[in-house]
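The structure appears right after this line, and notes come after that.
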Amino acid sequence: MGRISLQGVRKSFGPVDIIKGADLDIEDGSFVVFVGPSGCGKTTLLRLIAGLEDVTGGKILIDGQNVVDVPPAKRGLSMVFQSYALYPHMSVRGNIAFGLKMAGLPREEIDRKVDAAAATLNLTAYLDRKPRELSGGQRQRVAIGRAIVREPKAFLFDEPLSNLDAALRVQMRLEVTRLQKQLATTAIYVTHDQVEAMTMADKIVVLNAGNIEQYGSPLELYERPANIFVAGFIGSPKMNFVAGDAARPYGAATIGVRPEHLRIDGEGQGWSGTVTVAEHLGSDTFLYVDAGKIGTLTVRYVGELDLKAGDPVSLSPDPSRVHCFADDGTSIGTWRSERLS
Amino acid sequence: MARMVTNRRVVVSTTAAWCFGFLIFFPILWMILTSFKTELDAFATPPSFLFFHWTTENYATVQERSDYFHHAINSIIIAGGSTLIAMLIAVPAAWSMAFAPTKRTKDILLWMLSTKMMPPVGVLVPIYLIYRDFGLLDSRAGLVFILCLGNLPIVIWMLFTYFKEIPKDILEAARMDGATVGRELIYVLAPMAVPGLASTMLLNFILAWNEAFWTLNLSTLQAAPLTVFIASYSSPEGLFWAKLSAASTLAIAPILVLGWFSQRQLVRGLTFGAVK
């Protein structure tokens, strides 16, 4: 079991409030990603759950038990660090076995569990090597092995893939997701990469300046962002925001349209502008359009589009996909849903 | 062309390095050579470098006149004892300052270092009187104590710098794995800091071995280490250069051998963390 609940969790470093009261329910077996910009408090929140930082206020419940005064090792959680944090003087076997050794397990049992973990992670051939003799991906696997061998209630991942190159990151992303599903253990994963968040998570927690902005499934966040911050943070390329006169017909202070929901019309209709940069990726074409008073708009067109910098273009949003926001930035729904309801 | 320039550069820099190394080593070499000269050759002007009458009689005289092994054993006990106690105090102190710093940690570190700025002679009289009253004069325990105190700031500073280089994540990983502070020190921190610990111990041992101010002032015979043994050859009847050199060579021989065998460890420790 690994149900984790946060109730009004606060953390301050001196006069600075890092986490300003977090409430969250993480179901057993789910993969939850904390995402947000640098300095939003996502790593701090993870460290509070791990017990590596003391809470300033609030409760952290693991399977119903408040653990704020319980030391890290007694919380039944394992953590994978951004820097891998392997013990450099121990072999791979020593690294994976360390936690079990500290728990005082008999030697045969330790060996059996280490061998099983190594087999799961394809590390059997490397068990006698030192971390410095491994590649980045293998080191990451050892760090994961060290986490799974203890059969914890939950895994905590602190930006574990950020030190890997792009290709390896995609591969490890898949491996971590597959492993989590296979073990059916609760996982909390911190990242600043929203693509990682969207692809891996069952549920995403979007954090900003120490506050939880929204908690929901990836598609929920994509389709029904709670506010301008979430709308801008989730989705790549970023959502276009238009305020002022152009937003008024939609009955909102600001409207948001995702680049993939902007249609390219014939000249003279919709919002007209000039292409400043055209990126041709083959599968997609990204256009950056200077639309005068409206500002710069990003357009994503699936497929190849014969447009280049300097070409005039006219854009109109898909009416069913226009997100409307009030003055304070909170969402008032999509335009169509508002009209239909 | 580029290769020629590189080769020439290597030759020039290697020659320069050897010359510089020789320059630094020259006083020691001269001392060793003088120890094999007669007293007359030792005074000769111009001095002869290699072509003199080689003799080992100085070593025999020195061993005959004063008991070398008695002093050497004192040196080993005093340097070893003070190093061991200093390490026992410094490791936990440096650990807490590196991994659990408070607002005052920096001030404490600076204050400790500042004690090294005071000339020892400034406290000679009070220390001498305290030692006299406590019966510590000319005792090994007294010398171990004073040398340990004297070197402690440097030992703590060195260990603090090494410990600071160890990523905090690794200690946190150990904590997540269920290691207590003690086990974290034994199983994770100590093995990772071995080069640093070894070079600190070695440096402290060398400093204590060569320390002359306190050993000369607080000991006479019973606890007298090799520094006192050397100093005894500078007497009111005159300087005996050859015998003094023989005594000095005998005094530095153990530390020279120790340094030679541990030079790799020492250099690794002293440059620990300088390059990632």
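Observations on the structure shown:
- Volume of the Cα convex hull of chain B, divided per residue and given in Å³: 201 Å³
- Mean separation of Cα pairs under 8 Å and 6 or more residues apart, divided by the residue count, gives region B:68-270 a relative contact order of 33 percent.
- Binned Cα-Cα distances of region A:205-313, short to long, each 10 Å bin given as a whole percent: 14, 40, 32, 14, 1
- Shape annotation for chain A: C-alpha extents along the principal axes are 77, 44, 37 Å, from largest to smallest.
- Region A:188-200 - phi-based ³J(HN,Hα) in whole Hz, Karplus 6.51/-1.76/1.60, Gly and Pro as x: 10, 10, 9, 8, 9, 8, 6, 5, 4, 4, 5, 7, 9
- Computed from phi, the 3J(HN,Hα) profile of region B:90-99 under the Karplus parametrisation 6.51, -1.76, 1.60 (θ = phi - 60°) reads 6, 4, x, 5, 5, 4, 5, 6, 7, 10 Hz, with x in place of Gly and Pro.
- Estimated Rh, the protein assembly as shown: Kirkwood, alpha-carbon pairs, angstrom: 30.8 Å
- Greater than 28 Å apart at Cα, pairs in A:Lys42/A:Lys101; A:Lys153/B:Lys164; A:Lys11/B:Lys106; A:Lys11/A:Lys74; A:Lys130/B:Lys103: A:Lys42/A:Lys101; A:Lys153/B:Lys164; A:Lys130/B:Lys103
- Note: region A:233-293, Cα convex hull, 109 Å³ per residue.
- Its DSSP H runs of at least 4 residues, each contributing -39,500 (n - 2.57), put the calculated 222 nm mean residue ellipticity of chain B at -23000 deg cm²/dmol, to the nearest 500.
- Scaling against 2.2 N^0.38 Å puts the C-alpha radius of gyration of region B:143-271 at 1.42.
- Diffusion coefficient of region A:37-88 by Stokes-Einstein, Kirkwood radius over Cα pairs, 37 °C, 0.692 mPa s: 268 µm²/s.
- Values of log10 I(q)/I(0) for region A:38-194 across q = 0.12, 0.18 Å⁻¹ run -0.52, -1.16, by the Debye formula with one identical scatterer at each alpha carbon and no solvent.
- Most tightly packed first, judged by the mean number of other beta-carbon atoms within 10 Å of their residues, the peptides A:291-302, A:184-195 read A:184-195, A:291-302.
- Values of log10 I(q)/I(0), in the order q = 0.13, 0.16, 0.20, 0.21 Å⁻¹, for region A:1-127 under a Debye, Cα-only, solvent-free model: -0.68, -0.93, -1.18, -1.23
- For chain A, the relative contact order is 16 percent, taking Cα pairs closer than 8 Å that sit 6 or more residues apart in sequence and dividing their mean separation by the residue count.
- Using θ = phi - 60° and Karplus 6.51 cos²θ - 1.76 cosθ + 1.60, couplings along region A:296-311 (whole Hz; Gly, Pro as x): 8, 10, 9, 10, 10, 10, 6, x, 8, 10, 8, 10, 9, 4, x, 6
- Across region B:1-75, Cα-Cα distances exceeding 19 Å account for 61% of all pairs.
Coordinate-derived values only; no laboratory data. This structure is a prediction, so every number in the text was calculated from the model and none was measured. Ideal geometry is used to build each Cβ from the backbone, glycine not excepted, and the neighbour counts take in all protein chains shown.
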